[in-house]
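Visitor: Pasting a structure here, questions to come.
Please treat every number below as a calculation from the coordinates, not as lab data. Since we're looking at a predicted model, the values are computed, not measured. Using ideal geometry, Cβ is built from the backbone for each residue, glycine included, and neighbour counts are taken over all protein chains shown.
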């Protein structure tokens, strides 16, 4: 090898080592709410940042299907208000019940029980704690359970905004029902269903579909931003006449954004003047294949899973129109209404009525309570109703004395067991004229 060849070889640069940059991205999964006891605090935290109730409220405000399901089920549970089958026989007790438990508070309790999974009742006693003067709704999202003592939650802590609580803040402690002192005339009664694995708080009945509520919210945000950006969010604009300074780049970007972004600017055209084809500006669209089909699938899938999570038998019962043909078959709609009333609505009503009976019994008020249904009487199952009391609970219609007697007669006499009454008539033959 010649000396010149060796010099040329020395000029050859060795290839640079390329360090591969490989990162593993863990996609966040949807987790159940965490319940954590902090040794430095007297209350039990609920969710990351102790703010799970507000997350449920955000899912209610952001997802249209979730919002409609919650509103519809709350209306069906509350119906036309609280009533009693024996209100006519016990008018004094019924009047006490109405003075202690107001309809507006009952409706708010129903809303919290459905949306947040539990409801709080503020029990206010008269002086001496021998009688309850009022049962009022208390916002559940402002309460956190006290750590259990002897297997019981003996109090709750109140703060208006747990997400932004300061170290200097001191939440107010309110004793739970029957755990307050003689001088403490306000207590908290918490209404919540049993859930395995949860003691302090109860997850909502639609816990399994919350991720689809978030998905529906994100899809709607995407379409909204798409409209605001002029329906062209995926464009690559190339200026092939050199790289300007940072200041000029920002100015060009701002002018393009002001001129073409927003739904009111959709449909405008771009006019460019170039010295040559080599220096011309290029606009390259970046298309997502079948984007409309993908987002249509996500929207339908989210809506279906949210309704399954809420136990909706037929969407049309909540005012959600679908293409199942349910609206054209009255018998199927009636069956769906009866089924949803029994498997979704009644458990909420029973839970609240049991709580109301326990609290009213403190005042000596014993009533057979029920929620007046919103169902049309044509959709009410009356085939197996044996008594007028059950009939009133199912229909919500109080019977007058005449109707009560007729109902009792119908219960005693069946069409197939009517008695045949034989009547003998003596016919007199006409006398002959003399």
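Visitor: Can you grab the distance from the C-alpha centre of segment 160-222 to the C-alpha centre of segment 76-134, Å, no decimals?
Guide: The two parts, judged by their Cα centres, are 21 Å apart.
Visitor: Another question, if that's okay. Quick check: from the Cα gyration tensor, does segment 102-143 come out rounded (a/c under 1.5), prolate or oblate?
Guide: Note, shape of segment 102-143 comes out prolate.
Visitor: For each of 314, 183, 337, count neighbouring Cβ atoms within 10 Å of the residue's Cβ, then give the residues from fewest to most.
Guide: Taking fewest neighbouring Cβ atoms as first place, the list is 183, 314, 337.
Visitor: Given axes a ≥ b ≥ c from the Cα gyration tensor, I'd like to know whether segment 41-119 is rounded (a/c under 1.5), prolate (a/b larger than b/c) or oblate.
Guide: Cα axes put segment 41-119 in the oblate bin.
Visitor: In what order do 125, 78 fall by count of nearby beta-carbon atoms within 10 Å, going from fewest to most?
Guide: So the residues, fewest neighbours to most, are 125, 78.
Visitor: Based only on other Cβ atoms within 10 Å, what is the fewest-to-most ordering of 331, 184, 217, 250? Before the final figure, lay out each step's value.
Guide: Details: 331 7, 184 14, 217 18, 250 11.
Taking fewest neighbouring Cβ atoms as first place, the list is 331, 250, 184, 217.
Visitor: If I histogram all Cα-Cα distances within segment 156-232 using bins 10 Å wide from 0, what percent of pairs lands in each bin?
Guide: 14, 22, 28, 20, 12, 5, 1
Visitor: Okay, moving on. At R0 = 45 Å, how high is the FRET efficiency between residue 282 and residue 304 if r is their beta carbon distance? Nearest 0.05 is fine.
Guide: 0.60
Visitor: For labels at residue 92 and residue 254 in the simple 7 Å Cα→Cβ model, what's the distance in nm?
Guide: Distance between label points: 8.0 nm.
Visitor: Label-point separation (nm) for residue 366 and residue 223, each offset 7 Å from Cα along Cα-to-Cβ?
Guide: A separation of 5.7 nm, rounded to one decimal place.
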